[in-house]
Amino acid sequence: MDPIVYVVLAVVAAAVGYWVVRGRARALAPGRRPDALPPRASADDLDDAGDAAADTDPGDISEPDTSPGDLPPVMVPAPRPPADAASVPLPQQRPAGPKRQTALTRPATSDAARYRQGLSKTRGGFVSRLADLFRGKPKVDDGLRDDVEEVLFTADIGTTTAAKLMDRVTEALDRKEVADPDAVWSALREACLEVLDRQASPPVYDVDPLPYVLLAIGVNGVGKTTTLGKLAAMHVAAGRKVLLVAGDTFRAAATEQLEVWARRVGCDIHKGKDKADPSSVIFDGISRGRREGHDVVLCDTAGRLHTRTELMDELGKVGRAAAKALSKGRPDSDAVTSAHDIYLVLDATIGQNALAQAKMFKETMDFTGLVVTKLDGTAKGGVVLGICDEMEIPIRFIGIGEGVEDLREFDPAAFADALLARDFGTDAVA
Ligand SMILES: Nc1nc2c(ncn2[C@@H]2O[C@H](COP(=O)(O)OP(=O)(O)OP(=O)(O)O)[C@@H](O)[C@H]2O)c(=O)[nH]1
Ligand SMILES: [Mg+2]
């Protein structure tokens, strides 16, 4: 071979060797290994990098050079948040959401306001008509007396009670102490309160021995099942263990309706078989209540007209079954002759007929309390005055809506206030 060729080969080999050695040396230099993690950036580094990133013009971005032996891509930290956002501490835990609202704790309006609202249709009826009479009158005279009489006698109060109220108004006028309409209104309000206040002793739920047993009775559709559901909610809220007994085995879906209430309220339910004898369901339900330590047993019954003798006889049997279930095995079994309470439920929307119904039921069934429902849906709430006046039996509860919280213990003063507040019913017209 030509010596010149040797020389060329030697020079090429030397050059290749040099480049190979130099390349390896670069690759193995500290911090420059291609597979090495980038050093952890300090806070200052991040700040600087952030500033740099923030300053970067998008037009400056060039294709990355991916040739072997190059540095791994630089990890650019996210741009810093603006100063004010950075000062907001990160939440340590999920912030609490809105509080769960339970059906029994929703005092959005005060109780008195809700009471008034529930009676607004009645306030818009005879109360508003009375208020109109008093509003424009500078002096009390016989004309006013006649007008008041007319309103009272055409309201759903009932003639007996209206006459009683009128006597009180006349008395106030005749005494001549009363010279202004405002005072006559006060006399009327006091007379109403007297009629409403039967001074019945309050119901006792914490009986000895437990459970307290209540039967709800009444005509179809008056609100028996709904009232029991609302009552169950009240007792549950008071910390009592409640059992609802589905004693209406007659109407299809009556048990399901009570089941919905039990689920809603969070209490137990006792069901019989379809078309089972209602008295046997009531007997079993109360026995279960005693066995399982319930504090309150609320028994539903099928709606019935007081004129249907066979249905009223059945109701008598239900009452006896309740007494038997309560007394069984007790040393004083003879002393127990009935459930602790039997409530007759009345629908206020039928006005004076509700009073007639109560009187007729009374002839065949001994009930201990009354519930007047649907006062929110009628202008005939004056019937409450007639019922209080003519029935010996106290109104225990009133219904002022379909919601679980729309049952109120009947409070004569609160009722009189809600009906006849001193603003002469100015908010009354519905
Ligand atoms: N507005 C209003 N509706 C009510 C009130 N109480 C009950 N209701 C409604 O009246 C209707 C009948 O109520 P229920 O509880 O089924 O009556 P019931 O007496 O059990 O009926 P039966 O079992 O068929 O005899 C339902 O739509 C209830 O929501 C109340 O105070 N106000
Ligand atoms: Mg029912």
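Key figures
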{"read-out": "Test: residue in the range 323-330 that is within 16 Å of ligand 2 (Cβ to nearest atom), part of a helix (DSSP H, G or I) and surrounded by 15 or more Cβ atoms within 10 Å (Cβ to Cβ)", "value": "no"}
{"read-out": "Residue ranges of helices (runs of 4 or more DSSP H) in the range 333-430 with at least 3 members farther than 24 Å from MET312 by Cα", "value": "383-390, 412-419"}
{"read-out": "Subset of the range 251-276 that is touching a Leu at 6+ places or on another chain (Cβ under 9 Å) and within 12 Å of ligand 1 (Cβ to nearest atom) - its residue that is farthest from LEU407 (Cα to Cα)", "value": "LEU258"}
{"read-out": "Odd one out for SER279 among (1) within 16 Å of ligand 1 (Cβ to nearest atom); (2) touching a strand residue (DSSP E or B) at 6+ places or on another chain (Cβ under 9 Å); (3) part of a helix (DSSP H, G or I)", "value": "(1)"}
{"read-out": "Contacts under 7 angstrom Cβ, first residue in the range 296-321 being within 25 Å of VAL242 (Cα to Cα), partner away from ligand 1 (no atom under 14 Å from the Cβ) and among the aromatic types (Phe, Trp, Tyr), 6 or more apart", "value": "VAL296/TYR205; VAL296/TYR212; ALA321/PHE283"}
{"read-out": "Residue check, ARG320 within 16 Å of ligand 1 (Cβ to nearest atom) and either aromatic (Phe, Trp, Tyr) or surrounded by fewer than 20 Cβ atoms within 10 Å (Cβ to Cβ) (or both)", "value": "no"}
{"read-out": "Contacts under 8 angstrom Cβ, first residue in the range 200-222 being more than 18 Å from GLU392 (Cα to Cα) and aliphatic (A, V, I, L, M), partner in a loop (DSSP other than H, G, I, E, B) and within 14 Å of ligand 1 (Cβ to nearest atom), 6 or more apart", "value": "VAL219/GLY303; VAL219/ARG304; VAL219/LEU305; VAL219/HIS306; VAL222/GLY303"}
{"read-out": "GLY229 within 10 Å of ligand 1 (Cβ to nearest atom), at pLDDT 95 or above and not hydroxyl-bearing (Ser, Thr, Tyr)", "value": "yes"}
{"read-out": "Tally, over the range 208-223, of residues that are assigned to a loop (DSSP other than H, G, I, E, B) and within 16 Å of GLU292 (Cα to Cα)", "value": "4"}
{"read-out": "The range 256-284, residues that are within 15 Å of ligand 2 (Cβ to nearest atom), surrounded by 22 or more Cβ atoms within 10 Å (Cβ to Cβ) and either at pLDDT below 95 or not aliphatic (A, V, I, L, M) (or both)", "value": "TRP261, PRO278"}
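The values are calculated or read from the model by the stated rules, or taken from the named source; none is laboratory data. Quick caveat: nothing in here was measured; it's all calculated off a predicted structure. Please note: Cβ atoms are built from the backbone with ideal geometry, for glycine as well, and neighbour counts cover all protein chains shown.
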